[in-house]
Structures are given as C-alpha cells and as structure tokens.
Amino acid sequence: MMAIPETMQAVVYRGANDLRVETLTVPKIGPRELLVKVAVCGVCPTDIKKIQYGTLPPPRIFGHETAGVIVRRGARVRGFHESERVALHHHVPCLKCHDCAHRAFAQCAQYKRTGITAGFEPAGGGYAEYVRVMTWVLPGVVKIPRRNSFLEGAMLEPVNTVLKAVKRLALLSGDTVLVAGQGPIGLMFTRLLTLQGMKVVATDRLESRLQLAREFGAKWTWEVKSERNPKSELQGSRFKVSSLSELTDRLTQGRGIDAAIIAVPSDEVVREAQQLVRGGGNVLLFSHTRRGEQAYLDLATICADEKDLIGSYSADFTLQDEVARLVFSRKLDERRLITHQFPLEQTAAAIELAAQPTESSMKVVVSQEAL
Ligand SMILES: [Zn+2]
Ligand SMILES: [Zn+2]
C-alpha cells in the first residue's frame, strides 16, 4: 500500500474571486472508489466564470481537467491498480434514462452530479493534492499510455467537448468552416476539423494565436482588429479581400460557408456568422454559457434560410476512446497548446492569466509534478 498523508493542501473557493490555500484532510474513499494523487489540472473557462462571478455557493474545490496517479483502490474496484497513471472525467451519464436515450448526455441527472471531489460540495477537486473518484465516474477513468504525459491526459476532457460539438455539425469532407476565436478551445476545433478534411477559416484578435492556427492547419486566417482600429487582415489567401464576408464568398463561389463555430462569447460574432453561412448551414455556440443574456437575431435566417443555430456543452462519454486515440497518438498534439504551468499554491494566478490571455499565453494548467 502506498503511504498517504493525513492532510493535504487544497485551493478552496470561499466566494467570488476568493481562492484560499488551505490544509484539509485527505478525502476518505469507499470500497467502490479510487483515491488519485493529482499531477496536472487544466484551467477551464467554465471554472473561471464560476469563480469570478461567484455563481455557486462556497465552499468548493474546483478543477476538472485532471490527471494523476491512483494511490488507493477501494476493495471492490476492479480493472484499476495502485500507481497507474490516469485521466479523469468528473461527469459520466447513466446511459439508461430518457435524456441518455436521446444522446443528450449533458442533460442526464446522473451526468450533472459531479463525481470527483477533494472535499465540500463535489466540484472537480483538481486544485487539490488528492481527489476522491466516486463509483459512477469510474467508467470515465482512462489510463495514460507510458509515452504520454499527465499534461496530455488532462486534455482529454476539453478535447472531448470539442469532438462532441464537431459531430453535431454533420459536415462533409471538404466543407468550409469558420472557427471564431483561437483560444485553446478554438485551436482544438481548428486542428480537429483539419484532421477531418475540412477547410478552416480562423479568426482572432491576437496574431500569435492566428500563427498557431495556421500551424494547426487553418487554410485562411483573419485578424479581427479592435473597434478603435477596425481594419482586418487576411493571411493565407492569393487574392485580396477587404472583409471576412468577401473572403468567404470567394472561397465558396458565393454560396456561403457550411458552418461556423463560435468559440468567443460575442453576440456580434454570432450575427456575422449567421450571415456568412449558406442556407441549410449551422452556427454552433460554444462559449455562450452565461445565463440571462438576451440577443437580437433575424429569426427568418433560421426559419426561411434553414440556418440552424445550435449549441454544444460539456463532453460525450461515448466518444472517449476516439478522444484518447486522437490525443495519445498526438494527431491532435496538445503539448503545443500548453504554455503555462503554475504550482498548486498559485492557482489564483493561473486562473487570472487564463481569464486575461496575453500574446504568449494559451492553455494554462496547475501542475504538481516534480519538474
Ligand atoms: Zn472544462
Ligand atoms: Zn442518463
């Protein structure tokens, strides 16, 4: 049996923008549960929002893009062993209910229950030294191959959310797709769509991100300038255009793009995308997670032009093997995306950087690995 201390460090959310490093008891596990020592936990925009706006009652320990080592296995757990390196999923659907029958896994009642905790109301727990992995999320535990890192393991969850969204679009190979926003998630979309044979038009405000988008396979990039300087620049084109719509017209002989993925929480971008897609195309919202926001949209574009406005949220458990193959084979090489690693006690700084990205920052993680 591996030696486990009595207490551990954890970063506890005590209210809006109030994260404190505290000493807590290491979680106890039941006979059908695992105890995992956290190595890496990615900083995810959904956690940033919960922490900054204080949308959930404290105390909680956030962090759900978690990879680590199994240090204790409940007596009745089969298929896992101590000292195995694993990636975790904090949500796993029941696969039996009405929502699951419709493949609406993110709406399943069991799925909504967070199955990983470092203490308090379960909220992922990845910003702590140890997490308890509860019985119903054990089917979501993935072993990390020897040649892959904890960093790569921690990226399975976000990649899964991206693959799930792409599948909702029912694209054909060769289709032209706009990916608005080239943050870590936008870049995962760009890479994944390219791997599937789509032609990607990538947009962002930061040139450093567009550079990476081109390296990830984007055929064309469009630099969106700030309101004070409303000039946009195009790269990757042999012809000169003065607007994004002119570009997409040229690329599709005036037909319009097949789909647009909105990976920035901007309503203006949604309206623009709704103009750019062809009749019968799709606009997919990936970043509009803030409740209570109203927006204007010309509804005839949906009804008469059949431009479907759809959303996608969270992961699809049934895609997990495909996701693991993509990441661990490095076809979708996540290592390029991780630019900053913070120690556990600097989790607040990690979240701040992820919330206010710079030219040089991309995916930010909290790492407890002995570097
Ligand atoms: Zn996430
Ligand atoms: Zn269900």
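No lab work stands behind these numbers, since they all come straight from the coordinates. Values in this document were obtained by computation on a predicted structure and should not be read as measured data. Every residue, glycine as well, gets a Cβ built from its backbone with ideal geometry; the counts of neighbours run over all protein chains shown.
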Given the DSSP H assignment, sum -39500 (n - 2.57) over each helix run of at least 4 residues in the chain and divide by its residue total; what's the result at 222 nm in deg cm²/dmol, nearest 500?
-7000 deg cm²/dmol
Work out, step by step, the length gained on full extension between residue 369 and residue 291: first 0.36 nm times the residue separation, then minus their alpha carbon distance; give nm to one decimal.
24.5 nm
Between residue 82 and residue 335, what is the spin-label point distance in nm, taking each point 7 Å from the Cα along the Cα→C-beta axis?
3.1
Under a Gaussian network model of the chain whose springs join Cα atoms within less than 10 Å, the largest fluctuation of 134, 155, 188 belongs to 134
If you take the square roots of the eigenvalues of the alpha-carbon gyration tensor of segment 164-311 and sort them as a ≥ b ≥ c, do you get rounded (a/c under 1.5), prolate (a/b over b/c) or oblate?
rounded
Can you give the % of DSSP beta bridges in segment 164-311 that are antiparallel, to the nearest 5?
10
In nm, spacing of pseudo-spin labels at residue 318 and residue 346 (7 Å Cα→C-beta vector)
4.3
Label-to-label distance, nm, for residues given as residue 109 and residue 215 (7 Å Cα→Cβ offset):
4.8
For the table 49/167; 96/331; 143/225, the rows whose alpha-carbon distance is greater than 31 Å are 96/331; 143/225
Just check the chain against the gyration tensor rule for me: Cα atoms, a ≥ b ≥ c as the square roots of the eigenvalues, rounded for a/c under 1.5, and otherwise prolate or oblate depending on whether a/b exceeds b/c.
prolate
For helix 156-168, report the angle its Cα long axis makes with the longest principal axis of the Cα atoms of the chain; keep it between 0 and 90° and round to the nearest 10°.
40
By how many nm would the segment from residue 25 to residue 304 lengthen if fully extended, with 0.36 nm per residue of separation less the alpha-carbon distance?
94.5 nm
Starting from 0.36 nm per residue, how many nanometres of slack lie between residue 242 and residue 359 once their C-alpha separation is accounted for?
39.7 nm
Can you tell me what share of the DSSP beta bridges in the chain is antiparallel? A percent to the nearest 5 is fine.
55
Can you tell me which of 304-315, 160-171 comes out highest on packing, and rank the rest after it, using the mean Cβ neighbours within 10 Å?
160-171, 304-315
